[in-house]
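Written out below as structure tokens is the structure these notes cover.
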Amino acid sequence: MAPALEDGEFDNDDYYSLLNVRREATQEELKVSYRRLCMLYHPDKHRDPELKRQAEQLFNLVHQAYEVLTDPQSRAIYDIYGKRGLDVEGWEVVERKRSPVEIREEFERLQREREERRLQQRTNPKGMISVGVDATDLFDHYEEDYEDVPGGGFPHVEINKMHISQSIEAPLTTSDTAVLSGSLSTHNGNGGGNINVALRRVTSPKGWGEVEFGAGDTHGPLLGMKIFRNLTARCFVTAQCGLHFSSRGVRPGCTTMLARHLDKNTMGYLQWRWGTQSSMNTSIVRDTKTSHFTLAMQLGIPHSFMMMSYQYKFQDDDQTKVKGSIKLNRASQTYFFPIHLTDQLLPSAVFYATVGPLVFYLAIQRLVIRPYVRAQKEHDLEKHRESSASDIARKRQEAESAVLLMQESVRRIIETEESKMGLIILNAWYGKFVTDNSQKHERAKVIDVTVPLQCLVKDSKLILTEATKSGLPGFYDPCVGEEKSLKVLYQFQGVMHQVLSPEGEALRIPKQSHRIDADT
């Protein structure tokens with residue numbers, strides 16, 4: 001599929017809406033609508049030079065829409081990629097005498113070539129900074145024992161661990177990627193780091209392979225290879241082999257793991273490890289919101305064991321550790337600050353770890369985030385309007401010209417409908433209406449579309465398709481980027497009716513449900 005419209009890009013030429021036909025319209029339906037609009041806009045029907053010029057412009061626009069939708073090849077392109085799909089880069093060299101399927105394949109080939117050119121300019125940086133804060137002295141402070149010690153009266157909060165990691169991807173082709181990554185870690189004054197370079201190739205939609213080279217101050221140089229493959233929709237296998245070089249010599253290792261989703265929350269694993277410490281183990285892990293269960297058995301050298309564990313929140317007061325954390329995400333960077341509050345279940349620590357962050361979040365959400373998002377949305381919308389001002393002015397001029405050209409036809413339609421007490425459009429507005437839920441400073445942004453709607457009445461019926469209404473003859477978008485509706489007040493068989501139709505919904509009138517009660 002073609003990429004979506006960029007922010008601020010304006011495209012209001014909906015050919016289906018202009019002709020007021022369904023997207024599944026037949027050739028006959030297109031022809032009927034085209035003939036009707038031609039009778040309305042044909043330049044030869046107007047003597048006034050200005051009206052004649054305006055009619056010629058609208059006639060050419062209707063003719064262009066009709067030509068695109070009646071040609072199977074052009075219609076296939078328009079249905080899939082919109083108007084600009086007809087003018088896409090490289091499309092001019094494509095032979096037009098092809099089937100819609102061949103056209104789609106050719107267009108997608110051109111799109112792939114453009115994506116491959118963009119790959120040379122892309123990276124996917126990812127990073128994480130984790131800083132561990134020990135704040136247990138806030139809630140478990142021995143004030144009496146340390147009153148005479150300088151500074152002993154103040155809780156001692158310290159950073160006891162830190163981890164920093166960063167990776168950058170460099171796409172080489174559509175299936176090959178180079179990854180450069182590194183990390184640094186410290187804990188209570190001890191730490192180390194490493195740097196790795198990996199070359200990854202996607203071999204198929206089900207799997208990929210990777211070769212890794214690394215060096216660090218803990219394990220020495222590393223040479224490894226990893227393979228991943230989906231066997232079924234719920235089962236996958238990984239195989240990893242590596243060589244660690246150190247002063248003690250070369251230490252080979254190999255690990256193979258088969259995993260399967262047993263249900264939504266349960267995974268089953270079968271793993272075999274070969275190297276200086278060989279083993280085979282199997283495990284079942286079930287993880288839900290309220291509990292974590294693990295059942296594992298291992299046979300190996302030098303350790304063999306069978307283990308079962310079950311964790312539940314606050315199950316054991318003596319062993320419970322309360323922690324809080326702050327996690328920030330900016331672009332592809334993650335900043336994580338776990339805060340260790342207490343080794344015991346103290347009421348004050350529980351309060352500050354639960355109620356405190358919740359109150360802080362709600363306050364920030366209401367006082368900072370929502371106003372900022374609202375202001376940013378309004379700013380983007382205003383920028384969108386400014387960038388598309390010329391297109392909006394053009395559509396407005398076309399709509400006003402269309403209304404002038406419709407006057408004579410509308411007069412005849414009204415006379416015909418009045419003679420048989422048929423459908424008379426009294427008032428019609430299109431745009432954004434002020435509702436009870438609207439903000440106080442908001443104002444209605446609507447345009448009068450009474451004449452265009454009356455012009456579409458035929459045999460006491462008015463049918464609008466699901467296409468955007470701003471593309472109808474005599475319509476334009478009065479509030480770009482905002483929700484719009486169509487409000488119609490009409491008379492049928494001498495009875496008043498009213499309907500409010502949201503944008504994008506089909507409308508058929510008259511209907512019994514639109515009647516206005518006499519008491520109203």
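Quick notes
- For the stretch 288-301, the criterion of being touching a residue at least 24 places away in the same chain (Cβ under 8 Å) and farther than 27 Å from residue 198 by Cβ is met by at least one residue.
- Selected residue [open to solvent by 70 Å² or more (accessible area, probe 1.4 Å), modelled with pLDDT under 80 and not in a loop (DSSP other than H, G, I, E, B)] from 84, 36, 47: 84
- Among the conditions (1) under 26 Å from residue 61 (Cβ atoms); (2) in contact with a strand residue (DSSP E or B) (Cβ under 8 Å, 6 or more places away or on another chain), residue 390 misses just one, which is (2).
- For the stretch 342-401, the set of residues classified as at pLDDT 75 or above, surrounded by 14 or more Cβ atoms within 10 Å (Cβ to Cβ) and among the hydrophobic types (A, V, I, L, M, F, W, C) consists of 381, 392, 399, listed by residue number.
- Qualifying residue in the stretch 142-152 (condition: open to solvent by 40 Å² or more (accessible area, probe 1.4 Å) and modelled with pLDDT of 60 or more): no
- Matching strands (runs of 3 or more DSSP E) fully within the stretch 444-515 where at least 3 residues are modelled with pLDDT under 90 and among the acidic types (Asp, Glu): none
- Residue tally, condition open to solvent by 90 Å² or more (accessible area, probe 1.4 Å), touching a residue at least 12 places away in the same chain (Cβ under 8 Å) and of a type outside the set (S, T, N, Q), over the stretch 214-240: 5
- Residue selected from the stretch 259-281 under the condition touching a residue at least 24 places away in the same chain (Cβ under 8 Å) and under 39 Å from the mean Cα position of the chain (by Cα), by the criterion least open to solvent (accessible area, probe 1.4 Å): 259
- Number of residues in the stretch 282-305 that are surrounded by fewer than 14 Cβ atoms within 10 Å (Cβ to Cβ), assigned to a strand (DSSP E or B) and either touching a helix residue (DSSP H, G or I) at 6+ places or on another chain (Cβ under 6 Å) or polar (S, T, N, Q) (or both): the value is 1.
- Of the residues examined, residue 480 is one that is crowded, with 18+ Cβ neighbours inside 10 Å and in contact with a helix residue (DSSP H, G or I) (Cβ under 6 Å, 6 or more places away or on another chain).
The values are calculated or read from the model by the stated rules, or taken from the named source; none is laboratory data. A quick note: this is a predicted structure, and the numbers were derived from the prediction, not measured. Every residue, glycine among them, receives a Cβ derived from its backbone with ideal geometry; neighbour counts consider all protein chains shown. With ligands, DNA and RNA removed, areas are computed over all heavy atoms of the protein, side chains included. Shrake-Rupley method; radii C 1.70, N 1.55, O 1.52, S 1.80 Å.
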